[in-house]
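Student: This is the structure I want to talk about, given as structure tokens.
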Amino acid sequence: MKAALLALFILITSLLPASALDENLTDGCVADYSADVDYFPDKIEIVDADKFTVEYFNSYKVLSVADAFDGAPGFNYVLVQCGTPAPSPADFPEGTQFIEAPTGDLITLSTTQLPALSQLGLLDHLLGVDSGFYISNPEVARMIADGDVAEVGFGAEVNIELVLELQPQLVMSYGYNPATDAHPVLLEVGIFTALDASWRELSPLGRAEWLKFTALFYNREAQASALYQDIAAQYEAVKARAAAVAAEDRPHVLINSFLGYADAWFIPGEETYVGRLIRDAGGDLLLAEAGSATSQGLSFEVAFEGGFDADIWLVETFGIYTGADMLALDSRFGDFAAFQSGDIWNNNRDENANGGNNYYEWGVTNPHLALADLVAIFHPDLMPEHEFAFYRRLASE
């Protein structure tokens, strides 16, 4: 009787569809493929980012990037679970690239891509970078110094021979102008190249959420989702502190400085990345164009008139550490109220020896740290024991 029941059980279970995996495969390939298995039980939900999407199928996922640069077409990537058959290229738009996941070694062409690798524990896959000159990550800098990570160059002048020699499975690039960018050159020689459009995101959390983009190539969705949830929660908690401030207590904030070589003082619009950060931190950005997602270049005279009485000045200008540095640029800076009061700050607290600024590296994936700095500047009573990550007050001498 027991033998008959056992035989019946085996027969029934053999007719049932294969069970799903408990978690994504982050190492190795599928050994026994079944079309009925969902190989991506851990899926991401895109909450704040606007420039990439992902659609899941049982054994592959379709990753799409939109608006990677002005006039850019859509870019599509099919990430096929290693050890499973790839879908037919005929079913996808022309130019779609195919790659196995979890992906192997890669090259990154922007410092902003390094924090995601670090936070996801993927730095051991890093073969190369464009240049180590501006990199803030100490581990990557050490890997370059030890010869474990190569420098492959910039844009269309990227060293194709070296890239081919390194044999990456993936190059993460970005786009500004196809005539001078690296990705057309890399694609021409058959190197899988994914475009990172995080810099096109307008919201700080939208930009940070691109760590999930990196995670998709390595099946690290569960880890990325947990990381991002924590980053977003910290950002929203700090934002909530500033939101409680009365309108009359929000400081008037001036940003940037007059750049003589460009003959302009660039002020971000209200809906730019920086504009949103300042608003979320409880500040009112002077001279910002309402509803604008771009920056406008103003003359010194216009900026002087509109920003003269600013409570706080965020200079965010390279090479500025003291009030004397400001006056060396232009003696008229000394007339501004924020200069007189000493409430003038720069975001260069964490710089490397070459001027590489970690605000533009670690701060991109971790905007809650930048936001906390700004709240501590605008409303020090709300963050009395804050340790600054990126900003510092300019020294008087």
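Student: Within region 115-151, track down each residue that is under 11 Å from Glu361 (Cβ atoms), in a loop (DSSP other than H, G, I, E, B) and of a type in the set (S, T, N, Q).
Tutor: Listed by number, the residues that qualify are Ser136, Asn137.
Student: I would also like to ask the following. Given the conditions (1) of a type outside the set (S, T, N, Q); (2) open to solvent by less than 60 Å² (accessible area, probe 1.4 Å); (3) touching a helix residue (DSSP H, G or I) at 6+ places or on another chain (Cβ under 9 Å); (4) under 20 Å from Thr103 (Cα atoms), and given that Glu23 satisfies all but one, which numbered condition is not satisfied?
Tutor: Unmet condition: (2).
Rundown of residues vs (1) part of a helix (DSSP H, G or I); (2) touching a residue at least 12 places away in the same chain (Cβ under 8 Å); (3) open to solvent by 20 Å² or more (accessible area, probe 1.4 Å), yes/no style:
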{"position": "Leu216", "(1), (2), (3)": "yes, yes, no"}
{"position": "Tyr235", "(1), (2), (3)": "yes, yes, no"}
{"position": "Val253", "(1), (2), (3)": "no, yes, no"}
{"position": "Ala262", "(1), (2), (3)": "no, yes, yes"}
{"position": "Ile267", "(1), (2), (3)": "no, yes, no"}
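Student: Tell me, please, whether a residue that is among the aliphatic types (A, V, I, L, M) and more than 20 Å from Asp50 (Cβ to Cβ) can be found in region 194-202. Step through it out loud before you land on a result.
Tutor: Residues of region 194-202 that are among the aliphatic types (A, V, I, L, M), as a first pass: 194-195, 197, 202.
From what is left, the residues that are more than 20 Å from Asp50 (Cβ to Cβ) are none.
Checked against the condition, which is being among the aliphatic types (A, V, I, L, M) and more than 20 Å from Asp50 (Cβ to Cβ), region 194-202 yields no hits at all.
Student: Residue check, Ala179 against (1) outside any helix (DSSP H, G or I); (2) aliphatic (A, V, I, L, M); (3) open to solvent by less than 10 Å² (accessible area, probe 1.4 Å), all met but one. Which one?
Tutor: (3) is the only condition that Ala179 fails.
Student: Right, here's the next one. Scanning for something within 21 Å of the chain's Cα centre (by Cα), at pLDDT 95 or above, within 24 Å of Pro102 (Cα to Cα) and among the charged types (D, E, K, R), does region 184-205 turn up at least one residue?
Tutor: There is at least one residue in region 184-205 that is within 21 Å of the chain's Cα centre (by Cα), at pLDDT 95 or above, within 24 Å of Pro102 (Cα to Cα) and among the charged types (D, E, K, R).
Student: Which residues, counting only those in region 287-324, are among the hydrophobic types (A, V, I, L, M, F, W, C), touching a residue at least 60 places away in the same chain (Cβ under 8 Å) and surrounded by fewer than 18 Cβ atoms within 10 Å (Cβ to Cβ)?
Tutor: From region 287-324, those among the hydrophobic types (A, V, I, L, M, F, W, C) are 287-288, 290, 293, 298, 300, 302-304, 308, 310, 312-315, 318, 320, 324; that's our starting set.
Then keep just the ones that are touching a residue at least 60 places away in the same chain (Cβ under 8 Å); that gives 293, 312-315, 320, 324.
Correct list: Ala293, Ala324.
Student: Here is a follow-up. Can you spot a residue in region 317-325 that is more than 31 Å from the chain's Cα centre (by Cα) and outside any loop (DSSP other than H, G, I, E, B)? Walk me through how you get there before you give the answer.
Tutor: Looking only at region 317-325, we keep the residues that are more than 31 Å from the chain's Cα centre (by Cα), and these are 323-324.
From what's left, outside any loop (DSSP other than H, G, I, E, B): 323-324.
Scanning region 317-325, I find at least one residue that is more than 31 Å from the chain's Cα centre (by Cα) and outside any loop (DSSP other than H, G, I, E, B), so the answer is yes.
Student: Condition (residue is at pLDDT 95 or above and more than 25 Å from Arg241 (Cα to Cα)) applied to region 360-368: is it met by at least one residue? Don't jump to the end; show me each part of the working.
Tutor: Let us first name the residues in region 360-368 that are at pLDDT 95 or above, namely 360-368.
Keeping just the survivors that are more than 25 Å from Arg241 (Cα to Cα) gives 361.
Yes, region 360-368 contains a residue that is at pLDDT 95 or above and more than 25 Å from Arg241 (Cα to Cα).
Student: Separate question: Restricting the first residue to region 150-176 and requiring it to be under 22 Å from Tyr134 (Cα atoms), which pairs with a second residue that is assigned to a helix (DSSP H, G or I) and polar (S, T, N, Q) meet a Cβ separation below 9 Å and a spacing of at least six or different chains?
Tutor: Pairs found: Met172/Gln113; Met172/Thr214; Tyr174/Thr112; Tyr174/Gln113; Tyr174/Ser198.
Student: Looking only at region 333-346, decide whether some residue is within 21 Å of Leu277 (Cα to Cα), in a loop (DSSP other than H, G, I, E, B), open to solvent by less than 20 Å² (accessible area, probe 1.4 Å) and touching a strand residue (DSSP E or B) at 6+ places or on another chain (Cβ under 6 Å). If you could, list the steps in order and put the result at the bottom.
Tutor: Filtering region 333-346 down to residues within 21 Å of Leu277 (Cα to Cα) leaves 338, 343-346.
Of the ones still in play, those that are also in a loop (DSSP other than H, G, I, E, B) are 343.
Adding the requirement that they be open to solvent by less than 20 Å² (accessible area, probe 1.4 Å) leaves none.
No, region 333-346 has no match at all.
Student: For Leu327, indicate whether it is open to solvent by less than 60 Å² (accessible area, probe 1.4 Å) and either in contact with a helix residue (DSSP H, G or I) (Cβ under 8 Å, 6 or more places away or on another chain) or at pLDDT 95 or above (or both). Spell out the reasoning first.
Tutor: On the way: open to solvent by less than 60 Å² (accessible area, probe 1.4 Å): no; either in contact with a helix residue (DSSP H, G or I) (Cβ under 8 Å, 6 or more places away or on another chain) or at pLDDT 95 or above (or both): yes.
So Leu327 does not fit the description; no.
Student: Continuing with this model, one more query. Pull up region 130-142, narrow it to residues that are over 16 Å from the mean Cα position of the chain (by Cα) and within 21 Å of Ala215 (Cβ to Cβ), then point me to the one that is surrounded by the most Cβ atoms within 10 Å (Cβ to Cβ).
Tutor: Among those that are over 16 Å from the mean Cα position of the chain (by Cα) and within 21 Å of Ala215 (Cβ to Cβ), it is Val140.
Student: So how many residues does region 182-202 have that are open to solvent by less than 10 Å² (accessible area, probe 1.4 Å) and assigned to a loop (DSSP other than H, G, I, E, B)?
Tutor: Of the residues in region 182-202, 3 are open to solvent by less than 10 Å² (accessible area, probe 1.4 Å) and assigned to a loop (DSSP other than H, G, I, E, B).
The values are calculated or read from the model by the stated rules, or taken from the named source; none is laboratory data. Model, not experiment: these values are computed from the prediction. For neighbour counting, all protein chains shown are included, and Cβ atoms are generated from backbone atoms with ideal geometry for every residue, glycine included. The area values use the complete protein model at the heavy-atom level, side chains included, leaving out ligands, DNA and RNA. Shrake-Rupley method; radii C 1.70, N 1.55, O 1.52, S 1.80 Å.
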